[in-house]
1. What about residue 41, is it within 16 Å of residue 70 (Cβ to Cβ), without any contact (Cβ under 8 Å) to a residue 60 or more places away in the chain and acidic (Asp, Glu)?
2. If we scan the range 24-33, do we find a residue that is assigned to a helix (DSSP H, G or I) and touching a helix residue (DSSP H, G or I) at 6+ places or on another chain (Cβ under 8 Å)?
3. Taking the range 50-70 only, how many residues are at pLDDT 90 or above, of a type outside the set (Phe, Trp, Tyr) and not in a loop (DSSP other than H, G, I, E, B)?
4. State all residues of the range 22-49 that are modelled with pLDDT of 90 or more and touching a strand residue (DSSP E or B) at 6+ places or on another chain (Cβ under 8 Å); if no residue qualifies, say none.
5. Somewhere in the range 2-19, is a residue at pLDDT 90 or above and in a helix (DSSP H, G or I)?
Amino acid sequence: MVQNDSIKLLSINGISPSIETIQSGDYPFTDYFYAVTTNTENENVNKFIEWILSEQGQYLVEKTGYFPLR
């Protein structure tokens, strides 16, 4: 979203959507993303979750305009 010129980021009550205000919870419009799985035997499910939580995965989360967990 950060790199999309078609989307305008809005300040709410004087609080801009920055990394700090979103991570602290001060910016009022945020949401969580979940990885939901079923009771599966697929060995790649846990590998994917481990990767997305890894340094590389979190780097890519940030590079795409979202905020990493760490």
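The values are calculated or read from the model by the stated rules, or taken from the named source; none is laboratory data. Given the structure is predicted, the values throughout are model-derived calculations rather than measurements. Cβ placement follows ideal geometry from the backbone for every residue including glycine, while neighbour counts extend to all protein chains displayed.
1. Working: within 16 Å of residue 70 (Cβ to Cβ): no; without any contact (Cβ under 8 Å) to a residue 60 or more places away in the chain: yes; acidic (Asp, Glu): yes.
So residue 41 does not fit the description; no.
2. No, the conditions are met nowhere in the range 24-33.
3. 8
4. Listed by number, the residues that qualify are 26, 27, 28.
5. no
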